[in-house]
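Right, one structure below, let's go through it.
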Amino acid sequence: MRKIYWAFGFALVAIGLLFPWFDPVTTPRFNALNFPIAHSAYFWPGHFAFFSYGTAAIIVTGLGFAAWCMKKDLAVFCVGLLLLMGAMTFFLQITSWEPTWLKMALDGREDFQHCYHLEVAYSIPDIFVRSPARGLLAPVEALSGRFWAGTASLGSGWVCFCAGALWICAAGVSQMKEWTRLKIVLLGFAILVVLLGALQLWRPIAAERLLASAEMKETRGAFPDAAKDVRRAMAIDEWQRLRPACFVQLGNLYQKMNLPEGPEILFARALVFQSRGLTEEALFYYGQAADEGDPELRRVALVEKAGLASRYAATLYKQGRIGEASRYWLVSMEAVPDRSNGFFGAGRAFLDMADYSTAIKYFETVFHKTSQPCLLSDIENDLGDCWYKLGDPNLARKYYAASYKRHVRSNFRALKTLTESYYR
């Protein structure tokens, strides 16, 4: 019974390594074996990364298995704690000290919501499907918001891994006889957790304090000092360089200081035009800010331009102005080619304009930009429509069937079109 009890924990850890750890909508899934340690975000992982959380977990678990065979209960307990620390470090990596992962998850959230609402407008039955992006919908401002969004980005593999690590700890404690040494070990691990947490969290905490100080100085009229604090916050915490708020704040401060018109001022002006509903002017100034700014401002400006163009295109599409909508989706694709919403929207527009070959080109591109089953099933259904209109009903039915199988519980549209294709 003792062997079964311990083996169950190691089995949970092994299973957790194979299932996704990082699993937000539209972005590719990463498990522990291909999620790199201390690396910025990128799309479409390989099957294995040597310096990954999975590699470290395999080594530690191997030591734990050896300790289990030697009946070293305290060592088994320490292995469980080390595995939990690895899971904690992973969570803090995506939310704190390598926030490009969290930004990718939030961009994927917006990407999916755009495609999802466009699909709802096109197909009424899908309105009953709850959006898989619901956990990432809240605005992310402070560090607590980053933690909440990071939690929504975690996959089942991370949860299973943590459960296995806790089970291993419990297995070690259940057979423990050296309680004095256990207290020493717990104290040592508590100190280590505090040190590691402080090392990984000091940057976002310090940046938030600097931004609060900048707001106070701005209210007192000390605009140059406020701008310096904003710049320091951006230098300390990469998250502040990935979002528009700090660039807008700098643009407003530079205007109050009567400085020459720079990229930050252009970026802030674009946001003002966007708030007034002047889309064309906002897109123009986002483009100007991207052309004149540094690489970090350019990236943020292009993301904002792509998002605004996609949202405006969706509005035009729902109003029946399909040709204009396709033009703005092309603007979104040009600004940020990695996002899927522009390709999805353009494909839908060209499908409605009966340009089926062009629609197929855009729909097939989305397959390389998302791993979300709900979205993929809708794309396969659209491809079926295109091929049916092009006179290939057999290929169309293959796409309809694939769509229905991929998301059988919610994709009523695929079943409807598959059935109708036999009676057309």
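The values are calculated or read from the model by the stated rules, or taken from the named source; none is laboratory data. The shown structure was predicted, so the numbers you read here are calculated from the model rather than taken from an experiment. Positions of Cβ are backbone-derived with ideal geometry, glycine not excepted, and every protein chain shown enters the neighbour counts. Each accessible area value is taken on the protein alone, full model and side chains, heavy atoms only, with ligands, DNA and RNA left out. Shrake-Rupley method; radii C 1.70, N 1.55, O 1.52, S 1.80 Å.
Structure above, values below:
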quantity: Residue match in the stretch 241-262 (condition: under 28 Å from the mean Cα position of the chain (by Cα), of a type in the set (Asp, Glu) and at pLDDT below 95); calculated: no
quantity: Residue count for the stretch 304-352, restricted to those that are part of a helix (DSSP H, G or I) and open to solvent by less than 30 Å² (accessible area, probe 1.4 Å); calculated: 26
quantity: Hits in the stretch 254-287 - residues which are assigned to a helix (DSSP H, G or I) and in contact with a Pro (Cβ under 8 Å, 6 or more places away or on another chain); calculated: Phe267, Leu271
quantity: From the options Trp6, Trp44, Trp97, residue that is open to solvent by 70 Å² or more (accessible area, probe 1.4 Å) and modelled with pLDDT under 85; calculated: Trp44
quantity: Cross-chain or 6+ apart pairs with Cβ under 9 Å, the stretch 268-280 first and under 17 Å from Cys246 (Cα atoms), then basic (Lys, Arg); calculated: Ala270/Lys305
quantity: Selection count, the stretch 54-85, where residues are free of Cβ contacts under 8 Å to residues at least 40 places away in the same chain and open to solvent by less than 30 Å² (accessible area, probe 1.4 Å); calculated: 3
quantity: Top-ranked residue of the stretch 147-164 - restricted to ones that are open to solvent by less than 20 Å² (accessible area, probe 1.4 Å) and either in contact with a Pro (Cβ under 7 Å, 6 or more places away or on another chain) or free of Cβ contacts under 8 Å to residues at least 40 places away in the same chain (or both), ranked as farthest from Arg243 (Cα to Cα); calculated: Gly157
quantity: Hits in the stretch 54-107 - residues which are part of a helix (DSSP H, G or I) and among the acidic types (Asp, Glu); calculated: Asp73, Asp107
quantity: Residues of the stretch 171-183 that turn out to be without any contact (Cβ under 8 Å) to a residue 12 or more places away in the chain and open to solvent by less than 60 Å² (accessible area, probe 1.4 Å), as a count; calculated: 0
quantity: Every residue from the stretch 184-221 that is of a type in the set (Gly, Ala, Ser) and either within 24 Å of the chain's Cα centre (by Cα) or loosely packed, with under 15 Cβ neighbours inside 10 Å (or both); calculated: Gly188, Ala190, Gly197, Ala198, Ala206, Ala207, Ala212, Gly221
quantity: Qualifying positions in the stretch 380-405 - buried (at least 18 other Cβ atoms within 10 Å of the Cβ) and among the basic types (Lys, Arg); calculated: none
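Let's see how each residue does on (1) touching an Asp or Glu at 6+ places or on another chain (Cβ under 6 Å); (2) at pLDDT 85 or above; (3) closer than 30 Å to Ala233 by Cα; (4) not hydrophobic (A, V, I, L, M, F, W, C):
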{"position": "Cys115", "(1), (2), (3), (4)": "no, no, no, no"}
{"position": "Tyr122", "(1), (2), (3), (4)": "no, no, no, yes"}
{"position": "Ser131", "(1), (2), (3), (4)": "no, no, no, yes"}
{"position": "Leu137", "(1), (2), (3), (4)": "no, no, yes, no"}
{"position": "Gly145", "(1), (2), (3), (4)": "no, yes, yes, yes"}
{"position": "Ser153", "(1), (2), (3), (4)": "no, yes, yes, yes"}
{"position": "Ser156", "(1), (2), (3), (4)": "no, yes, no, yes"}
{"position": "Phe161", "(1), (2), (3), (4)": "no, yes, no, no"}
{"position": "Leu166", "(1), (2), (3), (4)": "no, yes, no, no"}
